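Please treat every number below as a calculation from the coordinates, not as lab data. Since the model is a prediction, treat every value here as computed from it, not as a measurement. Here the Cβ positions follow ideal geometry from the backbone for every residue, glycine too, while neighbour counts run over all protein chains shown.
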């Protein structure tokens with residue numbers, strides 16, 4: 001099969017489009033023909049080694065180096081959990097069709113169109129230990145991928161494969177945050193990075209719960225973010241405290257961090273909740289402990305997805321309660337073009353890669 005193999009930490013030269021063996025199934029696994037695979041920050045960050053504790057800059061700072069093919073310098077801890085298992089196949093999002101099942105898997109899954117739960121609770125739901133497809137084992141930037149049968153979810157809807165390919169990582173992460181933060185009807189929710197995959201998903205998911213949403217995004221994207229459901233929009237460079245005032249927000253949903261972190265604590269009401277799944281503007285922040293303890297705030301870190309999260313998403317899709325935000329599609333072999341454009345951050349929503357149809361690999365790659 002054709003696949004993109006990431007060979008190590010570094011620039012785009014580490015992305016190798018090549019032939020690799022189709023995965024062999026073990027017990028309780030299923031083989032999926034990949035129909036669509038979303039592009040995420042995490043694939044770029046993992047390749048660059050941003051998750052290493054030795055890296056203290058924003059993801060954008062490393063991306064600039066990526067364009068110049070400068071290798072990230074890490075010390076073996078560049079993965080989400082342990083050292084990244086190079087060489088391996090990335091691709092955290094997967095819409096696929098079940099092609100084969102191993103012993104122990106449900107046979108009637110064959111030919112089902114499914115989504116893969118990217119975050120897997122490896123020690124059961126009573127433990128927060130987790131592994132991620134395409135960070136800890138081979139993912140969906142390929143024609144086929146194998147996953148545990150427990151992690152595939154059939155979806156009955158009229159969405160295209162590419163639209164479904166926008167869902168797993170971004171919407172799973174966003175749903176996990178609003179779920180953990182217990183976002184409720186009529187609460188005021190502030191969402192940072194609202195034009196990105198996770199942020200735009202969080203806008204829809206918070207609105208679905210009846211919250212009043214204020215969204216932060218770049219000036220060029222404010223109108224689009226408002227159109228997807230935000231009640232109020234604030235430009236990224238504006239002072240959030242001056243715009244909203246102190247103690248005006250019930251919940252902050254953030255995957256940005258960086259220099260704006262302190263202001264987002266200022267706008268939280270007493271007893272407010274701050275929930276985070278990332279730090280693309282910089283992982284090191286200034287925390288005034290007085291804002292934290294004198295206001296009885298709760299800071300919630302979110303990586304491991306809770307059990308209801310993915311079944312909830314599937315139900316929202318099937319009931320028509322959320323919409324896909326598909327910005328653009330690319331053939332799989334044009335991954336470098338997709339990631340370059342992704343890092344320019346001019347889009348709203350998700351980019352999706354489409355693997356070549358089986359038997360038409362060469363013809364497809366000439367397009």
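Mind telling me which of 110, 216, 234 comes out most flexible in a GNM of the chain, alpha-carbon contacts under 10 Å? Judging by the Gaussian network model, the answer is 110.
Per-residue Cβ neighbour counts within 10 Å put 243, 169 in the sequence 243, 169, beginning with the fewest. Taking the DSSP beta bridges with both ends in the chain, the antiparallel portion is around 55 percent. Under the criterion of Cα pairs below 8 Å and six or more residues apart, the relative contact order for the chain equals 18 percent. Sort 187, 175 so the one with the fewest other Cβ atoms within 10 Å of its own Cβ comes first. Fewest-to-most ranking of 187, 175: 187, 175. Counting beta carbons within 10 Å around each of 120, 177, 133 and listing the fewest first gives the order 120, 133, 177.
Over the stretch 171-301, what is the percentage of antiparallel beta bridges among all DSSP beta bridges, to the nearest 5?
Bridges in the stretch 171-301 that DSSP calls antiparallel: roughly 0 percent.
To the nearest ten degrees, helix 168-180 and the longest principal axis of the Cα atoms of the chain are 40 degrees apart. I'd like the distance between the alpha-carbon centres of the stretch 217-232 and the stretch 113-184, rounded to an integer number of Å. Taking the Cα centre of the stretch 113-184 as reference, the centre of the stretch 217-232 is 26 Å away.
If you build a Gaussian network model of the chain, linking Cα atoms that sit under 10 Å apart, which residue out of 283, 168, 21 swings the most? It is 21. Return the whole-Å distance between the Cα centroid of the stretch 245-286 and the Cα centroid of the stretch 1-18. Taking the Cα centre of the stretch 1-18 as reference, the centre of the stretch 245-286 is 35 Å away.
Comparing 166, 303, 150 in a Gaussian network model of the chain (Cα springs below 10 Å), the most mobile by mean-square fluctuation is 150.
Helix 197-208 and the longest principal axis of the Cα set of the chain meet at an angle near 60°. Once you divide the Cα radius of gyration of the chain by 2.2 N^0.38 Å, the number left is 0.96. Between the helical axis of 309-318 and the dominant principal axis of the chain, each derived from Cα atoms, what acute angle in degrees is found, rounded to the nearest 10? Around 80 degrees separate the two axes.
At full extension, residue 110 and residue 293 could sit 60.6 nm farther apart than now, given 0.36 nm per residue minus the alpha carbon distance.
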